[in-house]
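Only one structure is covered here, and it is reproduced in the block below.
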Amino acid sequence: MAGLYLHIPFCKQACHYCNFHFSTSLKNKDAMVAALLQELRLQREYLEGEPLETIYFGGGTPSLLSQLELDAIFEAIFKHYSVAPQNLEVTLEANPDDLAVLKINELRNTPINRLSIGVQSFSEADLRFMNRAHDASEAHACIQNAQHAGFENLTVDLIYGSPTTSHQQWAANLSTLISLRIPHLSCYCLTIEPKTALAHQVKKGSAQPVDDEHAAQQFEHLMEATERAGYEHYEISNFALPGWYSRHNASYWQGKKYLGIGPSAHSYNGHSRQWNVANNANYIRSIQAGDVPFELELLTPVQRYNEYVMTGLRTAWGCSLLKIKDLGFETHFAEGAKVFLEDGTMQVVGNTYRLTKAGRFLADGIAAELFAG
Ligand code: SF4
């Protein structure tokens with residue numbers, strides 16, 4: 001079983017913290033959709049006939065696609081790929097300002113059965129600081145609209161750690177979603193990525209940097225509030241009520257094959273990773289000429305081990321010493337892990353190493369200490 005990712009590289013406006021690939025000019029949207037259809041055809045052998053069990057529209061802002069454009073994309077998918085007959089998970093990332101009743105009803109007439117809504121916060125001050133295109137009333141309304149239209153499988157994105165987000169506001173954001181019984185939450189710490197508007201503002205002093213202690217306290221509250229409400233913390237940033245894990249994202253973390261379509265999209269087939277050019281005009285031009293514009297990297301044993309540690313430690317499944325032994329790094333890992341077992345940020349049960357609650361906020365740093373090479 002495999003996954004398919006489609007990158008829709010357009011947004012209405014640029015959020016100040018964002019470093020994803022997108023354009024705020026929609027003038028090439030028609031040509032882009034034609035190129036995506038063409039790439040779906042060109043890449044039809046990549047998964048070697050493995051049936052798709054998940055399809056994910058990410059971006060950018062996939063909710064900018066019209067129903068006609070979505071219909072054309074689904075037609076190409078069903079024509080060129082084998083699709084698991086039952087239980088297909090089809091997710092579309094959507095922004096609250098796009099999810100009016102009419103749009104949601106249109107989406108119900110497509111194979112999309114899961115919406116990932118970019119709420120980020122219910123506070124006007126947070127949304128303005130982030131330069132989101134929606135306001136707090138749209139954030140509330142879109143969830144109601146989606147639930148009324150019958151979308152049960154919802155996931156909502158939130159951001160914590162912003163200098164504008166008080167602990168009280170953060171608790172209110174979480175309790176709003178918990179009381180609505182949203183089955184899946186993705187909660188990310190605000191990070192200041194190089195070359196973003198936010199990085200520029202922090203540099204010139206017009207925005208405050210992220211305070212690690214403030215962010216860590218909000219992460220702590222996140223773990224407590226979701227645990228009390230019955231959510232399972234199955235990946236550092238992801239929380240689900242039982243039975244509502246993101247199957248698409250879980251397949252990335254479990255090393256399954258996936259094909260990425262569109263500019264900047266990544267693909268993985270078990271032994272190599274490739275990524276398309278992150279430039280809309282160059283992508284369209286190359287696809288029109290019949291070439292998929294990508295760079296490819298064959299994964300060395302060191303890269304495979306490092307990736308496994310990086311992703312495994314972020315998940316509730318942890319890292320298996322047997323798998324690490326297969327990759328040839330058993331001694332390196334076991335030696336390096338001793339310090340984290342001693343300081344209580346890691347625990348081992350049988351052959352599986354997992355981070356404790358105290359270790360989760362430090363996951364990326366701990367993984368980096370265990371890297372080889
Ligand atoms: S809508 Fe999403 S992809 Fe677009 S700028 Fe904002 S965070 Fe980035």
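Listing for the model above:
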| quantity | calculated |
| --- | --- |
| Residue in segment 263-275 that is closer than 20 Å to Asp157 by Cβ and in contact with a helix residue (DSSP H, G or I) (Cβ under 7 Å, 6 or more places away or on another chain) present | no |
| Total residues in segment 190-201, condition in a loop (DSSP other than H, G, I, E, B), surrounded by fewer than 18 Cβ atoms within 10 Å (Cβ to Cβ) and among the aliphatic types (A, V, I, L, M) | 1 |
| Some residue of segment 239-250 being modelled with pLDDT of 95 or more, more than 20 Å from the chain's Cα centre (by Cα), under 26 Å from Thr356 (Cα atoms) and not in a strand (DSSP E or B) | no |
| Test: residue in segment 64-71 that is closer than 26 Å to Arg273 by Cβ and of a type in the set (Ser, Thr, Tyr) | no |
| Residues satisfying the stated conditions in segment 1-47, i.e. part of a loop (DSSP other than H, G, I, E, B), touching a residue at least 40 places away in the same chain (Cβ under 8 Å) and either more than 21 Å from Ala197 (Cβ to Cβ) or not assigned by TED's automatic domain parsing to the domain that holds Ala84 (or both) | Met1, Asn28, Gln43, Tyr46, Leu47 |
| Selection from segment 166-189 of residues that are more than 16 Å from the ligand (Cβ to nearest atom), more than 16 Å from Glu93 (Cβ to Cβ) and buried (at least 17 other Cβ atoms within 10 Å of the Cβ) | Gln169, Trp170, Asn173, Leu174, Thr176, Leu177, Ile178, Pro183 |
| Checking Glu53 against (1) more than 18 Å from Glu89 (Cα to Cα); (2) crowded, with 16+ Cβ neighbours inside 10 Å; (3) more than 16 Å from the ligand (Cβ to nearest atom), the condition it does not meet | (1) |
| Gly328 outside the structural domain of Ser237 (by TED's automatic domain parsing), more than 11 Å from Val309 (Cα to Cα) and loosely packed, with under 13 Cβ neighbours inside 10 Å | no |
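Conditions tested, residue by residue: (1) farther than 15 Å from Leu158 by Cα; (2) within 16 Å of the ligand (Cβ to nearest atom); (3) surrounded by fewer than 20 Cβ atoms within 10 Å (Cβ to Cβ).
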residue	(1), (2), (3)
Asp71	yes, no, yes
Asn109	yes, no, yes
Ile117	no, yes, no
Gln120	no, yes, no
Asn131	no, yes, yes
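The values are calculated or read from the model by the stated rules, or taken from the named source; none is laboratory data. In this text, all values refer to a predicted model and were calculated from it rather than measured experimentally. Because the Cβ atoms are built from the backbone with ideal geometry, glycine has one as well, and the counts that use them run over all protein chains shown.
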